[in-house]
């Protein structure tokens, strides 16, 4: 079987491409020859300008507050090397390998754009390391998101220079020079503009956002499935899912959520069993308003997707080359990405908060429409899923503290030259933690709603819910609760199913 290869052009990278390279072993990357040719032409513009002595920011001047300092011709190469060494100031835990791989892919794609003005060898070397799966350890903290993700990208650049360490796929860090020699590559010496072009950009925060929107999409669809299963277990009414209600307020996410839930409840004997004699006119908001709330969450995810789709193929370094013109600007500013990360964090916090409310209804005998207390056949002697709701509540509380937007928290940097920054990596760190919490809370809802269905037998839920239930009770899932056992292992197994997409119901159009 041939190894799949993604060919970069600088303008058509997709979310699916990034996920494949970041997470699918063996996915190779190549550079399109015509894009390489355009980049080489762009590089000639920089070299002519340098030879002419034209003043250009960061090419023959200092950086940031030092932009007024003119650099002599003999020091232009050292200027770039010093930039990368001085800016490798990241601290904290290393980013996960999938984020680093995504960051490297995005960096190569942006450098390949003719606006970057670097030599093709710079993009080629990033791809070489990516294909060899030799990655630098990139600290998670230290970026304010403008002028781009300076610290994370500087740590990557140092490895290309043969400095620091590289970590091959075996996970054992080795001196970078030794690893480069082992794969037949000489250390890169950055030329004029190239160090600056390498670290001016949003590729660390965008890499995190790209993987997050992929994972959030899977989680959202799973959460819709969990809501439908809870509606069945609590013998709620599907009337609020009627398409006419949602067509009268046609938010895209709301209509999508309602349509998915209707599909999951088709042919439900549980509903038919109490359609005529149910005294309840309306269910609680956490059931009745699931499409409205989950729909709003989807709309926040959709917004983040649109931001990613632009940012993946955008020129985010500085200055930029346009024909014979070299223009300084601010495309490295990560505000669009940081804001999308914050919106995503708020949406995922909302998703888990309403899921926790349904967990409470499932385990609380005052709210559960006849289900036994804490979903155990022996309440009192057994505590059942009492602690599952408490765990879910703790995760929601933590997520709420993390959901405060990072993108409004600017602190001026670089002697007030860079006086408004977006804090994109802080937003990414928080959003990733919130996503994980949400996966656990949705898993808690699946655990409890599946147990609730056990007490309604021999009645069965709708076809779609029945399918999800069969996966939960399958070999990779969890068995029904017959006697108290530690729920932690069950939650971990279900989280794995949720994260993998195994509990994703079909979309309405599928």
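FYI, it's all coordinate maths here, none of it is from the lab. Just so we're clear, the structure is a prediction, and the values are computed from it rather than from any experiment. All Cβ positions, even for glycine, are placed from backbone atoms using ideal geometry, and neighbour counts span all protein chains on display.
Key figures for this structure:
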| item | result |
| --- | --- |
| Pairwise centroid distance, computed over Cα atoms, of the range 325-342 with the range 92-129, Å | 17 Å |
| Mean Cα-pair separation over length for the chain, i.e. relative contact order, pairs under 8 Å, 6 or more apart, % | 18 percent |
| Rounded tilt (10° steps) of 335-363 against the dominant C-alpha axis of the chain | 20 degrees |
| Whether the range 369-433 is rounded, prolate or oblate, judged on the alpha carbon gyration tensor where a/c under 1.5 counts as rounded | prolate |
| Rounded, prolate or oblate (a/c below 1.5 giving rounded, otherwise prolate when a/b exceeds b/c) for the chain by Cα gyration tensor | prolate |
| Cα long-axis angle, helix 150-160 against the chain (0 to 90 degrees, to the nearest 10) | 60 degrees |
| Ordering of 408-418, 344-354 by burial proxy (mean other Cβ atoms within 10 Å per residue, highest first) | 344-354, 408-418 |
| Ordering of 152-158, 211-217, 266-272, 497-503 by burial proxy (mean other Cβ atoms within 10 Å per residue, highest first) | 152-158, 211-217, 497-503, 266-272 |
| Part-to-part distance (alpha-carbon centres) for the range 239-270 and the range 36-90, which is given in Å | 57 Å |
| Value of relative contact order over the range 5-201, rounded to a whole percent, pairs C-alpha under 8 Å and six or more apart | 25 percent |
| For the range 300-319 versus the range 379-419, the gap between their alpha-carbon centres in whole angstrom | 26 Å |
| In degrees, nearest ten, helix 203-233 long axis to first principal axis of the chain (Cα) | 10 degrees |
| 5 Å binning of all Cα-Cα separations within the range 5-201, expressed as whole percents from 0 upward | 1, 8, 16, 20, 21, 17, 10, 5, 2, 0 |
| Three-way shape label, the range 140-217, alpha-carbon gyration tensor, a/c 1.5 | oblate |
